[in-house]
Amino acid sequence: MPTQILCCIKNKSPFKQVLKSAVIALFFTALILLGSCKSAMVPAFSSQQPPVSPNYDKVASWAVLPDAYPENLKHWQTNSEVLVADVFYIYPTLNNEKKDLRWNVPVTDSIQNIKVINKAVYFQASAFLNAGKLYVPYYRQAHLRSYSQFEKGGKEALSLAYGDVKEAFKTYLEKYNHGRPIIIASHSQGTTHAIRLLKDFFDGKLLQNQLVVAYIPGIAIKKNTFETIEFMTNPTQTNGFVTWNTFKKNYYPKTYKQWYKGAEVSNPVDWDNSSESEHAEHKGFLFTNDKLYTQALQVYVKDGLLWVSLPHFPYRLLALGKKRYHKGDINLFWEDIRENASLRVESYLKTHNMFTENKD
């Protein structure tokens with residue numbers, strides 16, 4: 001308690017005693033209030049009105065549809081041939097603001113939607129533009145806290161988000177697919193939903209015959225997660241999945257034993273899951289200045305982790321203190337993924353005896 005307040009209440013008169021008690025009560029009340037200001041209480045999931053459900057029959061519920069690509073994507077399109085496959089992309093967590101007490105973001109949230117287009121779609125989904133027609137649904141994404149507070153509302157928030165992804169995929173199948181080959185692409189929270197989507201629609205089901213590949217990095221995927229969708233171990237294999245979680249060389253996250261140890265790990269440079277790839281093999285990552293940097297990374301596959309060297313590019317000092325490269329899981333290997341996605345589509349078409357003129 002401040003000295004000046006103590007000095008004012010040394011007098012033992014009844015009035016001073018009452019004043020002393022009041023000051024002490026106010027002081028401790030202030031401490032409680034200050035403490036509560038540091039971390040606002042998140043309302044229970046059940047106490048929040050969920051955002052309005054999106055209607056995927058409406059164009060406004062889609063961030064990207066093939067006939068309406070954002071302008072900033074168009075310059076990445078270099079494949080002038082008819083695209084015979086589709087890409088269904090599910091974006092990662094973009095709402096991580098501590099002050100945001102919502103469990104789920106409305107699909108009409110303009111700030112969130114700008115992030116979807118300018119960050120997730122531009123630096124991740126763009127890698128698949130030349131492999132297939134791109135479909136990206138907006139969904140009522142769960143806040144980042146849903147993972148750390150899974151039993152306190154996170155489970156319900158993630159389930160609500162997945163419900164949207166599932167409905168969007170149903171609409172995609174009914175209105176747009178027409179039997180075309182499918183690439184599933186995702187990252188982080190998007191991969192959380194992609195795993196469920198693959199189980200619900202592809203795993204052990206007829207639709208798996210249309211699955212070219214699932215690129216699903218950013219979440220640790222343990223062995224035997226799927227019954228019939230195999231972890232792929234060569235660059236032309238199809239009907240399976242690839243996945244990885246990127247960290248600095250020699251770094252083990254605190255949750256390594258709990259989450260990562262024993263998880264599947266692809267090498268997104270050579271795709272044959274060799275234990276190491278040299279700088280010369282790395283085809284290029286897309287940096288935030290819109291430039292591609294080739295031969296920038298050396299890659300090491302460890303038990304459950306993908307380790308990378310300090311990137312060789314003009315801004316490498318920015319990466320000196322980084323140990324977790326989660327945000328760069330896709331754009332660190334942007335060109336590697338772009339080439340491989342097209343390669344797997346070609347391989348799929350040969351395996352299934354399909355021809356471009358039959359799949360406009």
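The values are calculated or read from the model by the stated rules, or taken from the named source; none is laboratory data. Note that the structure is predicted; figures quoted are calculated from it, not measured. All Cβ positions, glycine included, derive from the backbone under ideal geometry; neighbour counts span all protein chains shown.
Residue-wise test of (1) under 24 Å from Tyr89 (Cβ atoms); (2) part of a strand (DSSP E or B); (3) charged (D, E, K, R).
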{"position": "Asp270", "(1), (2), (3)": "yes, no, yes"}
{"position": "Gln295", "(1), (2), (3)": "no, no, no"}
{"position": "Val301", "(1), (2), (3)": "no, yes, no"}
{"position": "Leu310", "(1), (2), (3)": "no, no, no"}
{"position": "Gly321", "(1), (2), (3)": "no, no, no"}
{"position": "Lys327", "(1), (2), (3)": "yes, no, yes"}
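A quick yes/no check of all residues on (1) under 19 Å from Thr243 (Cβ atoms); (2) of a type in the set (A, V, I, L, M, F, W, C):
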{"position": "Trp271", "(1), (2)": "yes, yes"}
{"position": "His279", "(1), (2)": "no, no"}
{"position": "Phe287", "(1), (2)": "no, yes"}
{"position": "Leu297", "(1), (2)": "yes, yes"}
{"position": "Gly304", "(1), (2)": "yes, no"}
{"position": "His312", "(1), (2)": "no, no"}
{"position": "His326", "(1), (2)": "yes, no"}
- For segment 83-105, indicate whether the set of residues that are buried (at least 22 other Cβ atoms within 10 Å of the Cβ), assigned to a helix (DSSP H, G or I) and touching a His at 6+ places or on another chain (Cβ under 8 Å) is non-empty. no
- Item | The lone exception for Val265 - which of (1) over 22 Å from Lys119 (Cβ atoms); (2) under 20 Å from the mean Cα position of the chain (by Cα); (3) part of a strand (DSSP E or B) it fails | (3)
- Which residue pairs have Cβ atoms closer than 9 Å, lie 6 or more positions apart in sequence or on different chains, and pair a first residue in segment 321-339 that is closer than 13 Å to Phe285 by Cα with a second residue that is of a type in the set (Ser, Thr, Tyr) and assigned to a strand (DSSP E or B)? Tyr325/Thr246; Gly328/Thr246; Asp329/Thr246; Ile330/Tyr215; Leu332/Thr246; Phe333/Thr246; Ile337/Tyr215
- Considering (1) over 28 Å from Val213 (Cα atoms); (2) surrounded by fewer than 16 Cβ atoms within 10 Å (Cβ to Cβ); (3) in contact with a helix residue (DSSP H, G or I) (Cβ under 8 Å, 6 or more places away or on another chain); (4) modelled with pLDDT of 95 or more, say which one Asp57 fails and leave the rest. (1)
- Return only the number of the condition from (1) at positive phi; (2) without any contact (Cβ under 8 Å) to a residue 60 or more places away in the chain that Arg316 does not satisfy. (1)
- Message: Just to check your reading of the model, which residue among Ala194, Ala142 is within 16 Å of Arg102 (Cβ to Cβ), under 16 Å from the mean Cα position of the chain (by Cα), buried (at least 24 other Cβ atoms within 10 Å of the Cβ) and of a type outside the set (Lys, Arg)?
- Response: Ala142
- Task: Test Val82 against the criterion of being farther than 18 Å from Gln141 by Cα and either assigned by TED's automatic domain parsing to the domain that holds Gly163 or modelled with pLDDT of 80 or more (or both), and give yes or no.
- Result: yes
- Task: Please determine, by comparing only the residues of segment 257-277 that are closer than 26 Å to Leu318 by Cβ and modelled with pLDDT under 95, which one is surrounded by the fewest Cβ atoms within 10 Å (Cβ to Cβ).
- Result: Glu276
- Filter result (β-branched (Val, Ile, Thr) and in a loop (DSSP other than H, G, I, E, B)) within segment 56-82: Thr78, Val82
